[in-house]
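First up is the structure itself, then whatever we jot down about it.
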Amino acid sequence: MNKNNQILDSKGSNHSPEDIDDIGDDHIGTSAQTPLRDDAFELSDDEKIEKISHHFTEIMQTLGLDLEDESLKGTPYRVAKMYVREIFQGLDPNNRPDAKKFDNNYSYDDLVVVKNINVTSFCEHHFLPFLGKAHVAYKSSGRVIGLSKINRLVDYYSRRPQVQERLTLQIADELEASLNTTDVAVFIESKHLCVSTRGIKDRESSTVTTEYRGAFKKQKTQQRFIDYIRAETEM
Ligand SMILES: [Zn+2]
């Protein structure tokens with residue numbers, strides 16, 4: 001840190017430590033694209049795991065922890081492996097599910113709604129999880145998508161350092177492209193651990209983000225979608 005207590009980011013802008021806290025607490029995202037560098041995939045997964053293990057060791061040592069302890073010894077490697085192969089695996093386009101679509105030859109032309117899709121994502125400002133549910137809908141233009149593919153798409157875009165607003169847009173963009181229709185809707189509600197475990201420490205509040213495109217901009221269609229989300233079917 002330089003002497004004005006300013007932290008210079010990679011683009012050369014100055015952010016004071018207070019600005020950095022505010023950006024995190026307000027969860028300001030900068031773009032619908034995940035900010036990745038051009039060289040993001042030059043290292044192999046194994047090389048990334050090795051590098052992150054090394055740096056996580058430094059973090060733990062800086063905190064004063066004894067890495068000789070049996071219980072702590074493996075933590076840097078476990079964290080690194082978890083980052084690369086599990087919770088941030090959605091950064092790698094190779095892990096993008098193939099949204100195999102096929103022609104809707106039984107001419108279903110009403111809404112398709114997939115409710116209660118688990119969202120396990122990670123706030124990019126604090127690297128803490130946010131957990132919730134996504135409800136997704138589209139109106140078929142003659143193409144349909146395998147239902148489990150929608151769950152996989154949600155999971156893929158969730159498993160990266162994220163901002164909930166961006167996650168919502170990324171899912172909508174992907175559906176729009178795969179289904180060849182702008183008639184898509186995405187509704188996400190989730191609880192952010194960075195809100196419940198630190199800062200304001202509110203365990204009750206949740207965050208809702210929505211994206212309504214095409215037909216879903218119309219009040220009537222939007223309302224039908226919301227009614228379906230609310231409806232409970234005995235199963
Ligand atoms: Zn956060």
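Data for the structure
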| read-out | value |
| --- | --- |
| Whole-number D in µm²/s for region 16-95 (Stokes-Einstein; Kirkwood sum over Cα pairs; 4 °C, 1.567 mPa s) | 87 µm²/s |
| Distance between region 34-93 and region 185-225 - C-alpha centres, whole angstrom | 31 Å |
| Cα-projected label distance for Gln61 with Lys73, points at 7 Å along beta-carbon direction, nm | 1.7 nm |
| Other-chain or far-sequence residues with amide H under 5 Å of Phe130's (modelled H) | Ser121, Phe122, Cys123, Leu193 |
| Length released on extending from Glu189 to Arg37, taking residue separation times 0.36 nm less the Cα-Cα span | 51.8 nm |
| Most to least packed among 52-64, 205-217, 154-166 [average Cβ atoms within 10 Å] | 154-166, 205-217, 52-64 |
| Rounded FRET efficiency, nearest 0.05, which uses the C-beta distance separating Ile20 from Arg143 and R0 of 45 Å | 0.55 |
| Phi-based couplings in Hz for region 42-49 (Karplus 6.51, -1.76, 1.60; Gly and Pro marked x) | 6, 7, 6, 4, 5, 5, 5, 4 |
| Placed amide H near Ser206: partners under 5 Å, 5+ positions off or other chain | none |
| For the chain, radius of gyration divided by Kirkwood radius, i.e. Rg to Rh on alpha-carbons | 1.03 |
| Packing-based ranking, highest mean first, of 178-189, 81-92 given that Cβ atoms within 10 Å are counted | 178-189, 81-92 |
| Straight-distance crosslink candidates among aspartates and glutamates, where the alpha carbon sits under 19 Å from Lys81 and sequence neighbours closer than 8 are dropped | Glu42, Asp45, Asp46, Glu47, Glu50, Glu58, Glu70, Asp92, Glu124, Asp155 |
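FYI, it's all coordinate maths here, none of it is from the lab. Here the structure is a predicted model, which means the values were calculated and not measured. Glycine also receives a Cβ, built like all others from the backbone with ideal geometry; neighbour counts cover every protein chain displayed.
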